[in-house]
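S.K.: Okay, handing you the structure first.
Where a number appears in this text, it was derived from the coordinates with a stated rule and is not lab data. Predicted model only: the values in this text are computed from it and were never measured. Note that each Cβ is placed from the backbone with ideal geometry, even for glycine, and that neighbours are counted across all protein chains shown.
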Amino acid sequence: MGEASRPILPIRGEGSHRGAMVEGDRLDAPLSGRAARPFRQALTRLPPPRERGVSGFTLIEIIVALAVFSLAALALLRLEGQTVLSARLLDETMVAQMVARNVMVEAMTDARVPPRGLTQGIEQNGGRGWRWQRQVAPLGDQGAFRVEVTVASPEGRVLGRLSGVRAPAIPPRQPVVRPGATPPPGTPPGRN
């Protein structure tokens with residue numbers, strides 16, 4: 001037989017070989033007598049884990065570890081839920097601010113001064129209807145107006161506010177015509 005056909009395997013127990021097969025032992029040979037004793041002992045009686053030298057976790061240790069892991073997993077799930085709610089609120093607030101800016105820009109750039117008092121409406125943005133209120137009040141006696149816009153979600157929560165001042169309307173400038181020059185079309189007569 002070649003070298004490769006004679007494996008050396010560990011054997012537990014007593015004997016002159018201290019629990020290991022040595023060269024010349026055959027695996028297919030029937031064991032009897034002193035050589036079979038370690039096998040019989042191993043099969044009939046397994047010593048407790050401490051005697052065997054096997055280390056591991058006790059049932060209590062495993063239960064405690066699972067409890068700690070489950071608490072950590074629950075905390076992570078709660079954190080993820082709060083993150084999703086915060087992201088949704090942030091998205092709604094951002095769209096509400098865009099609606100408030102749209103209403104404000106309309107009030108500031110319209111050729112006509114927006115009507116005084118409270119004006120309400122609904123604007124579609126982001127696939128949802130947003131309720132807005134615009135409050136216009138005079139500011140001082142020079143013709144300026146304070147404009148406040150509030151935007152609420154369809155559920156009624158106020159998510160966006162914006163305020164600004166609309167400058168007084170400036171009358172269009174009349175062209176100045178120098179004496180002896182022909183006035184441009186549309187110039188009122190007698191203005192030279």
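S.K.: Per residue, how big is the convex hull around the C-alpha atoms of segment 75-164? Give it to me in cubic angstrom, could you?
M.R.: Per-residue hull volume (Cα only) is 100 Å³.
S.K.: Taking H placed 1.01 Å from N in the peptide plane, check which residues at least 5 places from W130 or on another chain put their amide H under 5 Å from its amide H.
M.R.: E123, Q124, N125
S.K.: Additional query: Kindly provide the trypsin sites (Lys or Arg not before Pro) of segment 69-115 that DSSP labels as loop, not H, G, I, E or B, and whose Cβ sees at most 14 other Cβ atoms within 10 Å. Write out the running numbers ahead of the final one.
M.R.: Working: sites: R78, R88, R101, R112; in loops: R112.
Counting only loop positions with at most 14 other Cβ atoms within 10 Å, the trypsin sites (Lys or Arg not before Pro) in segment 69-115 are R112.
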